[in-house]
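Have a look at the structure below, then the notes.
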Amino acid sequence: MHLKYSLYTLSLFAFFPQIWSQDTSAEPKDVYVALGSSVELPCVDGRNAELPEWRINGSFLVSSPALRLHNTSLDDQGVYTCHDANGEIVEIVRLQLGHPPSLPDVHCWSPSYPIRALCSWSLPQDPILPTHYISTYRLRDDVYSCQRQSEQDRQCVLEELDLFSNVPYLVNITAVNALGSTSRVLPVIFEDIVKPDPPVNVKVTALPGKKLHVQWAPPPTWPDLVNFPLKYKVQFRWGNANADSIMGPIESESMVRSAVMPGRTYHIRVSVMDHLGHGQSSEWSDTVNITLPRS
Ligand SMILES: *[C@@H]1O[C@H](CO)[C@@H](O)[C@H](O)[C@H]1NC(C)=O
Ligand SMILES: *[C@@H]1O[C@H](CO)[C@@H](O)[C@H](O)[C@H]1NC(C)=O
Ligand SMILES: *[C@@H]1O[C@H](CO)[C@@H](O)[C@H](O)[C@H]1NC(C)=O
Ligand SMILES: *[C@@H]1O[C@H](CO)[C@@H](O)[C@H](O)[C@H]1NC(C)=O
């Protein structure tokens, strides 16, 4: 806290050199206020001053022992200073406006079953103020930290989860700022949130005899194809992409479609799902287009 104030004092002096020139022992105070609410800033250390004077960003505002602001907006942010009759600073307040955190929207999925799952979140409303997050998950009485790569990350990793647990993990994402905190607790069964990443490297070639050969590679994030195989669906669209047909599920990483029409353009993409049908299909892969010769 003290370090923050000291750094802040330095930046304050950099921006308002007129403060620098005055001998003051006043410590800057951070005051956080919810947008639209009212706030009263008392000139505490100026109680004994005859008629304290408030300035905003160095400009005269009002002469009053306490400064009142109503229906605050972002325009009210700034550095407020209270001065005694000699013009000496007796109070420094940095006013910051924003919102308490709204309830986070949390989404969990596992592109890497059975090794790990991910949860990501966002706040429906921008709190404006600096906000940090606490991410945990618990099974019965055991609480684990849901690891993030950096403090600012809004995504965390769940590891070493029990498979086929008959009680859900409780993922707890808590958002905290100077005006409050909120927690979203989401029950999660590992198998229910399986969602592989899309297949990659889709390639399509025309074969003689009105056939198309489609091949692809499994998502690189899927860790164990031997014990946890995948099944694929291949979508063919043509015309104005209104007509389509889906082939699969198949377990191989290539297929041949026969009876394709000469002269037609096909848009082809592939999705993948856990072999046992846990959770959801992946998003579609990139689309590959092929136009067949008219001959
Ligand atoms: C508060 O200010 C906002 C704009 O900043 C205005 O739309 C609103 O009507 C004001 N409310 C009151 C109660 O004055
Ligand atoms: C005070 O200065 C800050 C930083 O330059 C600015 O964002 C803010 O709008 C100013 N406030 C007022 C009330 O002039
Ligand atoms: C969620 O996490 C926060 C922060 O660690 C904690 O205060 C809160 O009690 C937790 N809520 C539940 C329901 O576990
Ligand atoms: C394939 O066709 C679709 C629909 O016409 C188009 O949006 C997409 O950009 C094409 N993709 C490539 C790789 O050309």
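The values are calculated or read from the model by the stated rules, or taken from the named source; none is laboratory data. The shown structure was predicted, so the numbers you read here are calculated from the model rather than taken from an experiment. In case anyone asks, the SASA skips ligands and DNA or RNA and just uses the protein heavy atoms, side chains included. Shrake-Rupley method; radii C 1.70, N 1.55, O 1.52, S 1.80 Å.
How large, in percent, is the carbon and sulfur part of the accessible surface of segment 157-292 at a probe radius of 1.4 Å?
Details: 3460 of 6930 Å².
Whole-percent figure for carbon plus sulfur exposure: 50.
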Quiz prompt | Cα convex hull of segment 139-225 - mean projected area over all directions, nm² | solution = 9.8 nm²
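Keeping the other protein chains in place, figure out the carbon and sulfur percent of the accessible area of segment 58-97, with a 1.4 Å probe.
45 percent
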Exercise. Using the heavy atoms of the protein chains and a 1.4 angstrom probe, tell me the accessible area per residue for segment 163-235 in square angstrom.
Key: 48 Å²
Exercise. Output the antiparallel fraction of DSSP beta bridges having both residues in the chain, as a percent to the nearest 5.
Key: 90 percent
Quiz item: Convex hull volume of the Cα atoms in the chain, per residue, in Å³?
Solution: 203 Å³
